[in-house]
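Everything on this sheet refers to the single structure shown next.
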Amino acid sequence: MNEDLGNSMDIGKLLDEIDRYCIDNSIPNVDKEVGKLFSILIKVSRARNILEIGTGAGYSTIWLAIAARENRGKVLTIEKDSGNAEVAGDYFRKAGFKNVNILKGDALALLQNLDEKFDFVFIDAAKEEYISYIKAIYAKLMKPSLIVADNAISHVDAISDYLDYVRTDKNISSVLIPIRAGLEVSFLS
Ligand SMILES: C[S@@+](CC[C@H](N)C(=O)[O-])C[C@H]1O[C@@H](n2cnc3c(N)ncnc32)[C@H](O)[C@@H]1O
């Protein structure tokens, strides 16, 4: 176990359990390397108000929450599938994190009613909706903030409009990190 997990053996075991659940139930999740990258980005940026779109079974959320905890920050995660949301909610209770909240429902509908502002966003839900997510959250982003989108290599065609958007916006600097399915990391300043 390493310092990225706060030296907590239990959280490491829980992450392994969620990973196994995702494999068994065909829920695509990020892996440990991506989790470590989240940890680095969140610690360096000192982000405290984290939004995740697409919880799945909560694997990525736990990584976000571990890093957020070090910044005294919190994570809001949105999941449309009620079964996944329930499973993830159980894992969050098991983890004992008080800094994670899950909203159950369609992110595109729920984002409209959110008053909060965010300084780190992880996008990992329906690929064809990435462009709508960024448009919906743009006004809710603090300056500076980081937006990380998964599947920038594996689903490059499906999210090409999103990639065009973040790569051409004059206030955003964006780069592809070729790790696993590909992460597009965008910095809004
Ligand atoms: C790839 S999985 C998320 C995996 C998770 N981020 C991880 O790495 O552990 C994508 C999730 O997005 C959810 N989803 C798809 N469209 C959504 C939407 N419009 N609003 C909220 N969640 C959505 C799916 O139900 C699915 O659970």
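Just a few scattered comments:
- Helix-only arithmetic for the chain: the sum of -39500 (n - 2.57) across DSSP H runs with n ≥ 4, divided by the residue total, places the mean residue ellipticity at 222 nm at -12500 deg cm²/dmol.
- In Hz, Karplus ³J(HN,Hα) per residue of the stretch 147-158 (6.51, -1.76, 1.60; θ = phi - 60°; x = Gly, Pro): 10, 10, 10, 7, 6, 6, 9, 5, 10, 4, 6, 5
- Projected area averaged over orientations for the chain, convex hull of C-alpha atoms, nm²: 9.5
- Computed lengthening from ASN25 to ARG46, 0.36 nm per intervening residue step minus Cα-Cα distance: 4.2 nm
- With respect to the chain, whose longest principal axis is taken over its alpha-carbon atoms, helix 59-70 is tilted by about 90°.
- Long-range HN-HN contacts of PHE118 with modeled amide H, under 5 Å: LEU141, MET142
- For the stretch 45-99, applying the loop criterion from DSSP together with a ceiling of 14 other beta carbons within 10 Å to the trypsin sites (Lys or Arg not before Pro) yields ARG46, ARG72, LYS98.
- Filtered GluC sites (Glu not before Pro), the stretch 127-189: DSSP coil and at most 10 other beta carbons within 10 Å: none
- Distance histogram for the stretch 44-143 (every C-alpha pair counted, 5 angstrom bins, percent rounded to whole numbers): 3, 14, 27, 25, 20, 10, 2
We did not get these values from a lab; they are worked out from the coordinates using the rules stated. Computed from a predicted model, the values in this text were never measured in an experiment. Cβ: placed from backbone, ideal geometry, glycine included. Neighbour counts: every protein chain shown.
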